[in-house]
Amino acid sequence: MIIQPKVPDGKLLEYIYDAAEKYKEIMELPFLFTGKNRNTGYMWFECIFEKKQFMHLLGIKSKNYTAEGFFDRCDEYNRSKQDMAITDGQGTGITIKDCTPSRNHSRTTINEKASVCSEILQIHNAKYLKIGEKDKISQHVDFSYAYGSDVTLGFKNDKKGLSFPITLIPRNIDTFTTKSYRILFVFTKTGKTEKYDTLYAETKTGLFDELYCDFPEKLKNLIDIKQTPQ
């Protein structure tokens, strides 16, 4: 991922719209990230991407929109371009004036976050990512879990099982965790099923069928996916 500290206004808005498009693809879906460390075994965590978190991941606190309203404006722009109802989304979307830096952020940090946000949200390409628990002290926002590589997306545990994204930091995930686990699988749910019944991503075709029997029981109890007959 290429972190861009300096970008013109138009490019920044383009980055934000692209990120909103990717965020919408995974928004409001529960996910189970599962990784493995060769020495310490499996690690996993559950999370959900809610609309209200998108703006904050960019380091923005808009003076003109709520967090939900900010995302809606970005989504309106993207939909207008897709429908070709308005040329290039003209008359919709956000402006630079809507992108005020939040506390402890600046235009530079917004640029950096926005330039990598779209890519880090492409979790179907999980083979390039790692997960881990935040157990190193840092000056950054406190979070419970993270996934990433040279960029880190941090999640806060809500004590109800699901975590939610609270920060996007343009630093390597190993800055925040002493043990990282290479992501092998990402699971999700269809409808209101209790267990994860859909394999959203696996790093190699057939790997789930190969490794499922070795899963810890606690992990198996979260999943309800039929294995492919061998």
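The values are calculated or read from the model by the stated rules, or taken from the named source; none is laboratory data. Everything numeric here is computed off the predicted structure, so don't read it as measured data. Quick reminder, even Gly has a Cβ in these numbers, built from the backbone with ideal geometry, and neighbours come from all protein chains shown. These accessible areas exclude ligands, DNA and RNA; they are computed on the full protein's heavy atoms, side chains included. Shrake-Rupley method; radii C 1.70, N 1.55, O 1.52, S 1.80 Å.
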Do the conditions hold for I131, that is, is it free of Cβ contacts under 8 Å to residues at least 60 places away in the same chain and either out of contact with any helix residue (DSSP H, G or I) (no Cβ under 6 Å at 6 or more places or on another chain) or on the phi > 0 side of the Ramachandran plot (or both)?
no
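Looking at G154, is it on the phi > 0 side of the Ramachandran plot and within 21 Å of the chain's Cα centre (by Cα)?
no
F143: part of a strand (DSSP E or B) and crowded, with 20+ Cβ neighbours inside 10 Å, yes or no?
Working: part of a strand (DSSP E or B): no; crowded, with 20+ Cβ neighbours inside 10 Å: yes.
Answer is no for this residue.
Of all residues in segment 1-22 being without any contact (Cβ under 8 Å) to a residue 60 or more places away in the chain and assigned to a helix (DSSP H, G or I), which is nearest to N125 (Cα to Cα)? Please lay out each step first, then the result.
First, pick out the residues of segment 1-22 that are without any contact (Cβ under 8 Å) to a residue 60 or more places away in the chain: 8, 10-11, 14, 20.
Narrowing the set further to residues that are assigned to a helix (DSSP H, G or I) leaves 10-11, 14, 20.
Values: G10: 27, K11: 24, E14: 22, A20: 17 Å.
This residue is A20.
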For segment 37-50, give me the residue count where each residue is surrounded by fewer than 18 Cβ atoms within 10 Å (Cβ to Cβ) and either in contact (Cβ under 8 Å) with a residue 12 or more places away in the chain or in contact with an Asp or Glu (Cβ under 7 Å, 6 or more places away or on another chain) (or both).
5
Does M55 satisfy being open to solvent by less than 40 Å² (accessible area, probe 1.4 Å), at negative phi and in contact with a strand residue (DSSP E or B) (Cβ under 6 Å, 6 or more places away or on another chain)?
no
Single unsatisfied condition, N78 versus (1) modelled with pLDDT of 95 or more; (2) under 23 Å from T188 (Cβ atoms)
(1)
Give the residues of segment 18-36 that are closer than 15 Å to R73 by Cβ and aromatic (F, W, Y), sorted by residue number.
Y23
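Scan segment 122-140 for residues that are in a loop (DSSP other than H, G, I, E, B) and touching a Ser or Thr at 6+ places or on another chain (Cβ under 9 Å) and jot them down. Step through it out loud before you land on a result.
Looking only at segment 122-140, we keep the residues that are in a loop (DSSP other than H, G, I, E, B), and these are 122, 129, 134-140.
Within segment 122-140, L129, K134, D135, K136, S138, H140 meet the criteria.
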Here's a check for you: in segment 96-137, which residue that is among the polar types (S, T, N, Q) and open to solvent by 40 Å² or more (accessible area, probe 1.4 Å) is modelled with the lowest pLDDT?
N125
